[in-house]
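Some notes on the structure that comes next.
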Amino acid sequence: MEDVRVATIASLTPLEELDADPFLVDTRSQHAMCERWAADKGYVVIRQLLFYGLPPDHRMLWADVEAGAVDLFVAPNARVLERAVTSAREFSAECERRGVRLETAGLDEPAYDATKKAYVHRRLSMPTAGYDGC
């Protein structure tokens, strides 16, 4: 049996939205959710995509598909997908047209208390200072 090759989708949401919707800002947790979903199904994650408001026909989305390297896209949930691309409906239609599956992981989002929000804020606001979030 051949491995199903997955590209995970996360939304690059501005840090200013951390208090309003921390999961949309926490790209690491978004990718982790997708990776858990893929692992539970025995799929292989080959690419992590991160973008905000990308047009559904943007070549970056389709390069790995056209190269035969991606069989499936997975986003954590519809809310993330709607933020990542300009139109989730059009992206879904483009996936169908190209014969690529599109899934949402649909797992429970992590809980965010003040400490976890501070961790996300610190990780995302200090990358040029050498902080890598570990």
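Any read-out appearing in this document is the output of simple, stated calculations on the displayed coordinates, not a laboratory observation. Bear in mind that the values here come from a model prediction, so they are computed numbers and not experimental data. Neighbour counts run over all protein chains shown; Cβ positions are idealised from the backbone, glycine included.
Annotation: average projected area of the chain is 8.8 square nanometres, based on the convex hull of Cα atoms across all directions. For the chain, the longest principal axis of the C-alpha atoms and the axis of helix 27-41 are separated by about 40°.
In this Cβ point-charge picture (+1 for Lys and Arg, -1 for Asp and Glu), the chain has a dipole of about 180 debye about its Cα centre.
Placing a pseudo-label 7 Å from each Cα along the Cα-to-Cβ vector at THR115 and GLU90 gives an inter-label distance of 4.4 nm.
Which value in deg cm²/dmol, rounded to the nearest 500, describes the helix-derived mean residue ellipticity at 222 nm for the chain, given -39,500 (n - 2.57) per DSSP H run of n ≥ 4 and division by the residue count? Don't skip to the end; give the middle numbers.
On the way: 6 runs with 57 residues, N = 134.
Helix contribution divided over all residues of the chain: -12500 deg cm²/dmol.
Can you find, among LEU49, CYS95, LEU72, the residue farthest towards the positive end of the dipole of the chain? Put +1 on the C-beta of Lys and Arg, -1 on that of Asp and Glu. Toward the positive end, the furthest listed residue is LEU49. Backbone phi angles across region 78-88, fed through the Karplus curve with coefficients 6.51, -1.76 and 1.60 (θ = phi - 60°), yield HN-Hα couplings of 5, 4, 5, 4, 5, 7, 5, 10, 5, 8, 5 Hz in residue order; Gly and Pro are listed as x.
With both labels modelled 7 Å from their Cα along Cα-to-Cβ, the LYS41 to TRP62 distance reads 2.2 nm. Subtracting the Cα-Cα distance of LEU107 and ASP21 from 0.36 nm times their residue separation leaves 29.3 nm of extension gain.
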